[in-house]
Structure formats: C-alpha cells, structure tokens
1. Scan (1) of a type in the set (Ser, Thr, Tyr); (2) closer than 17 Å to Val27 by Cα; (3) modelled with pLDDT under 85 for the single condition Ser97 breaks and write down its number.
2. If I ask for residues that are small (Gly, Ala, Ser) and at positive phi, which ones from region 35-83 would you list?
3. So if I check each of Ala211, Ala255, Ala191, which one is within 26 Å of Arg103 (Cα to Cα), modelled with pLDDT under 95, under 16 Å from the mean Cα position of the chain (by Cα) and part of a helix (DSSP H, G or I)?
4. When the residues of region 147-188 are narrowed to those that are part of a helix (DSSP H, G or I) and touching a strand residue (DSSP E or B) at 6+ places or on another chain (Cβ under 9 Å), which ends up surrounded by the most Cβ atoms within 10 Å (Cβ to Cβ)?
5. When both residues are 6+ apart or on different chains and their Cβ atoms are under 9 Å apart, which pairs have a first residue that lies in region 166-178 and is without any contact (Cβ under 8 Å) to a residue 40 or more places away in the chain and farther than 14 Å from Val219 by Cβ, and a second that is in a helix (DSSP H, G or I) and open to solvent by 10 Å² or more (accessible area, probe 1.4 Å)?
6. Residues being open to solvent by 70 Å² or more (accessible area, probe 1.4 Å) and within 22 Å of the chain's Cα centre (by Cα): count how many of those fall in region 51-77.
7. In the list Glu120, Glu135, Glu111, Glu107, which residue meets the criterion of being in contact (Cβ under 8 Å) with a residue 12 or more places away in the chain, assigned to a helix (DSSP H, G or I) and surrounded by fewer than 21 Cβ atoms within 10 Å (Cβ to Cβ)?
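The values are calculated or read from the model by the stated rules, or taken from the named source; none is laboratory data. Note that the coordinates shown come from a computational prediction; the quantities given were computed from them, not determined experimentally. So basically every Cβ, Gly included, is an ideal-geometry build from the backbone, and we count neighbours across all protein chains shown. Please note that ligands, DNA and RNA were not included when accessible areas were found on the heavy atoms of the full protein model with its side chains. Shrake-Rupley method; radii C 1.70, N 1.55, O 1.52, S 1.80 Å.
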Amino acid sequence: MPPSAASAPRIEPRIEPVQLMLTHELVLEQLRTALALGRFRAGDTLPRERDLAEMLQVSRPPVREALAVLASEGVIEIRRGRGGGLFVTGRPADEASKVRLLRENRERLRETFEYRIVIESAAARYAAQRRTRSELAGLRGMVAEMQRLSDSLASRHDAKLLGDFFAVDNDFHLGIARASRNDWLAKATLAARIEMFRPVGSIFERLEPQANHLHEQIVTAIADQDGDGAARWMSEHIGETLASIESWLQPRGRARRESRSSSKGLQV
C-alpha cells in the first residue's frame with residue numbers, strides 16, 4: 001500500500017438523526033410559507049378550517065392547532081360569529097422592533113442573499129436559453145404590473161398595493177426559476193425566498209423608486225437569450241437589495257451619507 005494512502009485519515013460516515021414532525025407542524029409550515037410569500041396579506045381572509053383541511057388533505061384537528069399557533073403569535077386573528085373568519089393581521093411593528101429583528105437575523109440574511117445570488121443568477125442564465133414564448137410573455141406582463149403598482153405607490157402608501165407588488169415580484173422570480181427547466185434551481189429559489197421573507201417580509205413599508213428597474217433589464221436579457229447578461233443583472237438586483245437592508249442597519253448619520261435609499265424601502 002502506498003505510504004500516502006496508509007497515512008490518510010479515515011473519515012467516519014455521519015448519519016444525522018431523523019426528526020419526526022407532527023401533522024400540525026407540517027400544516028403550520030405550509031401556512032407560514034403561504035404567508036411569507038404574500039399569498040395571503042394583511043386584511044385577507046384565510047380559507048375556513050374545513051376548507052384548509054381539504055386543501056392540505058389532513059383532518060381538521062391539526063389545522064385547528066396550527067391556526068391556534070398563528071393566532072398566539074399575532075399573525076392571524078380568529079373572529080367568531082357573523083362576519084367572523086380567519087384574518088391576517090399584518091400588525092405593524094415599531095421602528096425599534098424592526099431594527100432589532102433585522103440585526104438578530106443579520107448574518108442569516110447575508111447568507112440567504114449570497115445563496116440567492118448564486119441560485120437565481122444560474123436560473124436566469126438557463127431561463128434565457130430555455131424559456132418559451134408564453135413564459136417570456138408572462139414575465140413581461142408581471143414587470144408591467146409591478147411598474148403599475150410601483151407608480152401607484154410612489155404617490156401614496158397603501159398596504160394592499162404593497163402586498164400586491166411583493167406577490168407579483170415573488171411570482172416573477174419563481175417564474176424565471178421555472179423557465180430554467182431545472183427542478184433543483186426552482187426548489188432552491190422557492191426555499192431561499194421563503195427564508196428571506198420570514199424576517200423582512202412585514203418590515204418594509206414602501207418601495208424604492210427604482211424597485212422595478214432591474215426587473216426590466218433581467219427580462220430584456222432573457223428575451224435576447226443573453227444568459228450572461230441575465231445572470232449579471234439578477235446578481236446586481238439581489239445585491240442591491242442586500243445593500244439596501246444593510247444601509248438601514250447602519251447608524252442614521254452614516255446611512256444618510258452613504259445611501260439615498262429610504263430606510264424602509266425595498267426592491268426584492
């Protein structure tokens with residue numbers, strides 16, 4: 001046996017313990033995902049308990065448990081009687097709470113955005129090569145809709161319109177990932193966006209003026225089948241989002257000197 005082979009350290013195989021999840025925890029994860037991605041926004045009514053059970057193909061007790069957890073967290077409000085239902089609260093946090101939440105998740109956010117740059121840039125590159133005409137038309141339609149919403153939000157604050165923008169934006173990014181024709185990239189994009197929105201989704205109160213600008217650049221590159229350009233614009237877009245969050249966490253004086261962007265504006 002060669003000396004190098006004999007002296008090489010043996011790597012012990014590692015097997016992670018299995019973590020079992022209760023049914024209500026799985027239901028809770030599904031509901032949190034839908035809320036994080038803007039499927040249900042502040043003021044919206046969730047489907048009834050019975051309907052949720054049918055949609056998720058589970059019995060009603062685990063759905064009831066999951067809803068009770070969300071209600072205890074203040075995410076939803078359960079109203080009884082006539083006119084009752086399951087309402088998404090969207091209760092605004094005070095400024096100090098917002099900054100504290102971001103700072104507590106700062107390192108995790110940085111890692112998530114770095115992951116997004118790698119994954120979504122690759123998805124954009126492949127989408128430029130593999131997208132269909134109908135997919136391209138869909139992406140262009142979403143950019144136009146985001147521009148309409150952005151123009152409306154430039155003159156007034158409207159929580160519903162803001163939620164609509166984020167929902168369309170999410171569909172836009174997931175649409176690019178699906179157009180890549182790579183299931184791994186599509187799943188990774190979804191997972192990364194969920195991870196991103198959990199700490200920041202309810203914090204930002206308005207958009208930056210140029211929130212939709214780089215979306216147009218990305219779609220133009222995809223339309224031109226320019227994979228390198230699509231990847232470059234996607235990387236820049238996600239990097240600017242992270243820079244916007246980082247600028248908010250800086251001391252106020254320094255943030256004003258280094259960035260003109262709003263402390264509560266976001267492009268995602």
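1. (2)
2. Within region 35-83, Gly38, Gly43, Gly74, Gly81, Gly83 qualify.
3. Only one candidate qualifies: Ala191.
4. Phe165
5. Note: pairs meeting the criteria are Leu174/Ala186; Leu174/Leu190.
6. Selection size over region 51-77: 1.
7. Criteria check complete, one pass: Glu135.
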